[in-house]
Amino acid sequence: MKAAVIQFPGSNCDRDATLALQSVGIASSLVWHGETEIGRADLVVLPGGFSYGDHLRSGAIAAHSPVMAAVSAHARRGGLVLGICNGFQILTEAGLLEGALLRNQGLHFLCRTVWLRAEGGVASPLTAGLEPGAVFSLPIAHNEGCYYADPEVLDRLEGEGQVALRYCDPAGGSGPLSNPNGSARSIAGLLNRAGNVFGLMPHPERACEPLLGSTSGYPLLAGIAQWALP
Amino acid sequence: MTVLARIRVSLKPSILDPQGRSVLRSLRAQGATQVQEVRIGKLIEMRLQGSLAEAESEVQRLIAELLCNPVMEQAEYQLDEVEG
């Protein structure tokens with residue numbers, strides 16, 4: 001499997017993502033946002049960071065950069081797209097995932113480790129490494145991570161099994177106390193209906209190296225690597 | 001002709017504005033007891049070349065394309081002819 005990690009001005013997790021992908025056996029190349037092609041990539045990763053300084057809205061300007069037409073075409077063909085943190089924001093702004101990410105309800109930039117619960121639902125190569133119901137921890141680092149969608153959209157997303165990750169407590173229970181940013185229904189990660197586009201606020205690529213204190217992001221990325229093209 | 005567009009973008013009424021609430025608390029603490037609600041948005045000013053009608057259709061296009069995310073925001077605008 002080959003991955004293209006997109007670099008926007010202000011991306012700062014692009015090299016981390018490249019290294020983490022390498023650690024699970026996915027070769028990746030960095031693709032500049034001004035390019036109009038992504039090459040022969042099976043997986044496109046939109047990394048975390050502060051593309052365009054978060055100007056106007058987080059991810060809004062990046063969503064209109066030249067490379068995104070190629071990323072959208074890749075997604076329409078059924079290609080895999082993974083958006084982490086700012087990448088999730090870009091995916092919602094580009095219309096590849098529904099909803100929007102608002103400023104954290106507590107108004108603070110959050111940089112800490114949170115508990116997450118993997119939900120079953122739509123089958124996806126991007127979440128194949130997550131056992132439904134599994135509770136694990138990952139770091140978050142964001143200012144605009146409060147997931148929002150209209151209630152009827154939320155009902156539909158839940159009904160279609162598109163909610164892939166929820167913030168929770170160590171026992172796996174979700175509620176206001178374990179919801180760090182006020183996200184609707186504690187949503188931390190979301191798939192599109194077809195299951196080939198996945199956005200999440202937590203950073204699995206920052207938890208793939210024992211030296212850095214955690215390898216809890218490894219199963220998620222390794223699961224993508226193990227998925228074979230039909 | 002030059003047209004000055006003032007575009008106000010704000011969170012949809014259904015969305016909680018924690019920044020506005022924080023400012024409301026501060027204002028109340030300073031004795032502003034009449035203030036009932038505060039909501040914070042942004043003002044985008046731009047100058048456009050062309051007639052008012054041309055400027056209006058362009059502003060509407062730009063709002064839909066980039067300036068406002070209708071999932072969470074709403075936009076309104078005002079157009080004025082100004083000295084070039």
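Strands (runs of 3 or more DSSP E) fully within region A:41-108 that include at least 1 residues being at the interface with chain B (Cβ under 9 Å from one of its Cβ atoms): A:100-102.
Confirm whether B:Q74 is within 19 Å of A:C146 (Cβ to Cβ), modelled with pLDDT under 95 and within 14 Å of another protein chain (Cβ to nearest Cβ). For B:Q74, the condition - within 19 Å of A:C146 (Cβ to Cβ), modelled with pLDDT under 95 and within 14 Å of another protein chain (Cβ to nearest Cβ) - is not met. Within region A:1-14, the set of residues being surrounded by fewer than 22 Cβ atoms within 10 Å (Cβ to Cβ), part of a loop (DSSP other than H, G, I, E, B) and in contact with a strand residue (DSSP E or B) (Cβ under 8 Å, 6 or more places away or on another chain) comprises A:M1, A:G10, A:N12.
From the list A:L229, A:L177, A:L212, which one is of a type outside the set (K, R), at pLDDT below 95 and under 16 Å from A:R112 (Cα atoms)? Even if it seems obvious, please write down each step before you answer.
On the way: A:L229 fails: under 16 Å from A:R112 (Cα atoms); A:L177 fails: at pLDDT below 95.
Just one listed residue meets the conditions, A:L212.
Which of the following residues is touching a residue at least 24 places away in the same chain (Cβ under 8 Å), surrounded by fewer than 16 Cβ atoms within 10 Å (Cβ to Cβ) and either within 14 Å of chain A (Cβ to nearest Cβ) or closer than 29 Å to A:Y148 by Cβ (or both): B:E45, B:E37, B:E81? Break it down stepwise before answering.
Working: B:E37 fails: touching a residue at least 24 places away in the same chain (Cβ under 8 Å); B:E81 fails: either within 14 Å of chain A (Cβ to nearest Cβ) or closer than 29 Å to A:Y148 by Cβ (or both).
So the residue among B:E45, B:E37, B:E81 that is touching a residue at least 24 places away in the same chain (Cβ under 8 Å), surrounded by fewer than 16 Cβ atoms within 10 Å (Cβ to Cβ) and either within 14 Å of chain A (Cβ to nearest Cβ) or closer than 29 Å to A:Y148 by Cβ (or both) is B:E45.
Please verify whether B:L67 is over 22 Å from A:E144 (Cα atoms) and crowded, with 16+ Cβ neighbours inside 10 Å, treating the condition exactly as stated. Taking the combined requirement at face value, the residue does not satisfy it. Before we move on, is A:A17 assigned to a helix (DSSP H, G or I), touching a helix residue (DSSP H, G or I) at 6+ places or on another chain (Cβ under 8 Å), crowded, with 20+ Cβ neighbours inside 10 Å and small (G, A, S)? Yes; evaluated as a whole, the condition is true for this residue.
The values are calculated or read from the model by the stated rules, or taken from the named source; none is laboratory data. In this text the structure is predicted, and so the values were computed from the model without any measurement. Neighbour counts are summed over all protein chains in view; Cβ atoms, including those assigned to glycine, are modelled from backbone coordinates with ideal geometry.
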